[in-house]
1. Only one of 213, 206, 237, 225 is surrounded by fewer than 18 Cβ atoms within 10 Å (Cβ to Cβ), of a type in the set (A, V, I, L, M) and at pLDDT below 95. Can you tell me which?
2. Restricting to the stretch 11-34, count the residues that are closer than 21 Å to residue 157 by Cα and either touching a residue at least 12 places away in the same chain (Cβ under 8 Å) or open to solvent by less than 20 Å² (accessible area, probe 1.4 Å) (or both).
3. Just to verify a result, which residue in the stretch 72-90, among those that are of a type in the set (A, V, I, L, M) and within 18 Å of residue 150 (Cα to Cα), is surrounded by the fewest Cβ atoms within 10 Å (Cβ to Cβ)?
4. Of (1) without any contact (Cβ under 8 Å) to a residue 40 or more places away in the chain; (2) within 18 Å of residue 155 (Cα to Cα), residue 235 satisfies all except one. Which?
5. How many residues does the stretch 224-249 hold that are more than 17 Å from residue 283 (Cα to Cα) and touching a helix residue (DSSP H, G or I) at 6+ places or on another chain (Cβ under 9 Å)?
6. Checking residue 399 against (1) of a type in the set (Asp, Glu); (2) open to solvent by 80 Å² or more (accessible area, probe 1.4 Å); (3) not in a helix (DSSP H, G or I): exactly one of these is not met. Which one?
7. From the list 253, 290, 258, pick out the single residue that is under 23 Å from residue 114 (Cβ atoms), β-branched (Val, Ile, Thr), modelled with pLDDT of 95 or more and surrounded by fewer than 21 Cβ atoms within 10 Å (Cβ to Cβ).
Amino acid sequence: MAGRGEAGSRGAGVRSDCWISVELRDGGGLELTVASKVASMYGARIRTQVADGCRALGLEHARVEVDDQGAVPFVLDARLEGAARRADPGLARVLLPDLRPCCAAPAVRRRLRRSRLYLPGNQPKLFLNAGLHLPDGVILDLEDAVAPAEKDAARVLVRNALRVVDFGAAERMVRINQGERGLEDLDWVVPHNPHVILVPKVEDPAQVRAVAARVAAIRKQAKTAGEVFLMPIIESALGAWRAFEIAAADPSVIALAVGLEDYTADIGAPRTLEGRESFWARSQVVNGAVAAGAQPIDTVFSDVADEDGLRASCAEAKALGFVGKGCIHPRQIAVVHAAFAPTPDELAKAQRIVLAFEQAEAQGLGVVALGSKMIDAPVVKRAQGVLATAQAAGLLPADWRESGNEGGAR
């Protein structure tokens with residue numbers, strides 16, 4: 001057998017990653033060369049891990065070269081397996097790290113989804129500390145952020161990250177590719193406890209149903225517990241037109257997102273800060289999602305240096321009915337959380353309305369009044385939603401009635 005493959009990154013500026021080359025041979029055993037910037041402390045351990053990995057993959061006769069720039073063990077394993085697969089596309093064995101307890105939390109259907117931080121699936125340096133920024137969700141991206149030539153290696157890396165990296169309380173999401181490649185992505189990630197699969201550029205409910213069916217088949221074969229939810233992304237005029245059908249396509253859809261870079265390109269309009277060109281599409285997504293019982297999620301704000309612009313964009317999104325926004329940099333997370341949180345005035349008003357409603361109910365009154373104003377049922381429903389959001393965000397204790405927190409937040 002002869003073949004050669006390589007995977008990973010090398011050169012100036014690379015950190016927390018490595019480059020590995022595998023050259024298959026017909027004999028001569030295993031020849032291993034390791035260069036590492038942390039060789040004085042971890043060189044022997046790296047050699048042992050790579051040698052063990054070669055044996056696990058069945059590489060008995062091969063020349064393996066490692067150029068390490070501080071890669072952690074799950075990255076070393078992923079790069080070794082990626083290089084071996086490129087050397088031998090028919091490789092059947094895998095190099096699977098143990099599933100850590102921190103990666104085993106089940107998915108939750110209804111939860112805060114104010115922020116979701118995009119992480120390119122081929123850049124492990126961005127994975128390691130993502131949870132420290134406290135996003136509501138992290139997205140391991142296999143689609144636009146990964147060049148076509150690197151998508152196979154990114155699958156291995158994302159699979160290993162799902163089994164090893166502690167993302168804290170963040171929801172673990174994976175954005176797959178379009179079409180058949182996306183369905184193949186599912187084979188790599190679904191058995192390893194992703195909470196949500198983001199389905200890009202959806203224009204037809206059948207696309208959602210195809211993903212849901214593939215997820216169900218993989219989970220059945222792997223005998224995995226828990227659920228895997230879907231978040232279709234609307235990125236075209238046709239997708240926006242069919243927003244409700246798409247959101248209602250399968251019970252596993254928990255949210256519907258909009259992506260405006262592709263949408264504005266599709267309709268031939270420049271994307272502006274004012275967003276008038278996308279008002280109709282965003283409203284379609286909000287109404288389609290809510291009508292189907294899903295959460296509407298707004299697009300990303302692409303200027304990471306413009307916090308005032310991000311704050312204004314979040315305020316507009318909240319006013320339209322969105323409950324969250326995409327983030328492309330950790331510095332955007334705190335701004336997004338603050339913008340989607342109830343203001344002190346909103347929270348105080350919601351508490352007064354809910355208390356008035358509960359008092360009227362206790363007294364058997366059919367009409368709820370707050371001062372001289374009559375309170376309708378939709379107003380009570382909206383106030384209850386504000387309080388639920390505040391409690392989920394840690395802004396209001398569950399026992400606020402008893403704790404004397406009426407009229408104010410933490």
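1. Going through 213, 206, 237, 225 in turn, just one is surrounded by fewer than 18 Cβ atoms within 10 Å (Cβ to Cβ), of a type in the set (A, V, I, L, M) and at pLDDT below 95: 225.
2. Matching residues across the stretch 11-34 total 11.
3. 87
4. (2)
5. Result for the stretch 224-249: 7.
6. (2)
7. Going through 253, 290, 258 in turn, the sole match is 290.
Okay, residues lined up against (1) under 25 Å from residue 296 (Cβ atoms); (2) among the charged types (D, E, K, R); (3) in contact (Cβ under 8 Å) with a residue 60 or more places away in the chain:
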site	(1), (2), (3)
126	no, no, no
143	yes, yes, no
174	yes, no, no
184	no, yes, no
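The values are calculated or read from the model by the stated rules, or taken from the named source; none is laboratory data. These figures come from a predicted structure and were not determined experimentally. For neighbour counting, all protein chains shown are included, and Cβ atoms are generated from backbone atoms with ideal geometry for every residue, glycine included. Accessible surface areas use protein heavy atoms only, side chains included; no ligands, DNA or RNA. Shrake-Rupley method; radii C 1.70, N 1.55, O 1.52, S 1.80 Å.
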